[in-house]
Amino acid sequence: MHIAILDGHPDPKPERLCHALAAAYAAGARQAGHEVRMIDLAAMDVPMLRSQQEWLHGALPAQFKEAQETLKWTDHLVIIYPLWLGDVPAYLKAFLEQVARPGFAFTPGSRSLTPLALKGKSAHVIVTMGMPGLVYRWFFFKHSLTSLKRNVLEFAGIRPVRETLIGNVEATDHAKWLERMRAFGRAAR
């Protein structure tokens, strides 16, 4: 299986839990014989799109063409990111806007907005947060995760989409979660 892991933490500091989770997932997947490609958001320069015109017709920088090729190649996409102000970090959102341009993620101008390059792929979204995961899930209704799932991934034809919430990151047992990520990588299908 081809697995692409998007490490969506914008901070390049190596001690960030998301980076360790991404590496553990990759290690488990490789151990099971899967091919893995990493997309390291923190290593990229991600410009913000400022207009519909730019989104529709602006030149796509080379690093995003490379990311699109990785997304075409993959069978299973893993996105790992921290919850910031109750949402996806803006830097990750800017990346997704760059990559999911019309003509790649869906057919522009179509009444049905037919999914293209990502249709039929699966995904696993892993979100870290300071609050308890159950509070985010049941009190806040995991609103930003649901938006990412429905308005980006499923809209582009990616199904099924699994989710894992890791709450209380400052107090949680990181070793336990790293082993769980390795297990997810080994079990990916």
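From the alpha carbon centroid of region 1-75 to that of region 153-189 is 16 Å. Compute the Cα gyration tensor for the chain, then decide on rounded, prolate or oblate, letting a ≥ b ≥ c be the square roots of its eigenvalues: rounded whenever a/c is under 1.5, prolate when a/b is larger than b/c in the other cases, and oblate in all that remain. Prolate is the answer for the chain, as a/c is 1.5 or above and a/b outweighs b/c. Ordering Thr70, Thr172, Thr146 from the fewest to the most neighbouring beta carbons within 10 Å gives Thr146, Thr172, Thr70. So what's the angle, to the nearest 10 degrees on a 0 to 90 scale, between helix 17-31 and the longest Cα principal axis of the chain? Around 90 degrees separate the two axes.
Remark: the chain carries a charge dipole of roughly 640 debye about the Cα centre, counting +1 on each Lys and Arg Cβ and -1 on each Asp and Glu Cβ. Between helix 174-187 and the chain there is an angle of about 50 degrees, using the helix long axis and the longest principal axis of the Cα atoms. Counting only alpha carbon atoms, the long axis of helix 62-73 and the longest principal axis of the chain meet at about 70°.
Each value in this text was obtained by applying a stated rule to the coordinates, not by laboratory testing. Fair warning: this is a prediction, and the values are worked out from it, not measured in the lab. With ideal geometry, Cβ positions are generated from the backbone for all residues, glycine too; neighbour counts draw on all protein chains shown.
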